[in-house]
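The values are calculated or read from the model by the stated rules, or taken from the named source; none is laboratory data. Owing to the predicted nature of the structure, the values given are computational and were not obtained by experimental measurement. Note that we place each Cβ from the backbone using ideal geometry, even for glycine, and neighbour counts take in every protein chain shown.
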Amino acid sequence: MQRVCFLLQVKKDRLAEYRKAHEAVWPDMLAALRDAGWSNYSLFLRDDGLLVGYLETSDFEAARAKMAQSSVNARWQSAMAPYFEQLHGRRPDEGLLVLDQVFYLA
């Protein structure tokens with residue numbers, strides 16, 4: 001199982017809205033994530049806008065590719081894009097800064 005941790009930056013003036021949007025993630029988006037192989041997926045948000053994501057999957061690149069083909073993902077990414085800084089024309093799921101794992105205690 002591959003463990004993946006990534007970072008994004010939420011705009012400080014949109015933090016409350018971003019949190020609110022995640023209180024009711026669309027059921028079809030949740031199903032698409034599961035179908036693509038995303039499990040134990042969590043998002044953590046710091047007060048300065050630093051967003052840390054964590055997930056487990058058997059193949060992250062394959063899971064990302066499957067999500068990229070999903071119409072619900074395209075709609076979700078479009079809805080989420082205004083919340084983020086420094087995307088430079090990319091969708092949020094294309095702007096992830098994936099971190100290297102340097103230690104794991106099972």
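Report yes if some residue within segment 31-53 is of a type in the set (K, R), in contact with a helix residue (DSSP H, G or I) (Cβ under 7 Å, 6 or more places away or on another chain) and either without any contact (Cβ under 8 Å) to a residue 12 or more places away in the chain or on the phi < 0 side of the Ramachandran plot (or both); otherwise report no.
No, that holds for no residue.
Quick one: which of G49, G37, G53, G95 is touching a strand residue (DSSP E or B) at 6+ places or on another chain (Cβ under 7 Å) and at pLDDT below 95?
Values: G49 fails: at pLDDT below 95; G37 fails: at pLDDT below 95; G53 fails: at pLDDT below 95.
On inspection, the qualifying residue turns out to be G95.
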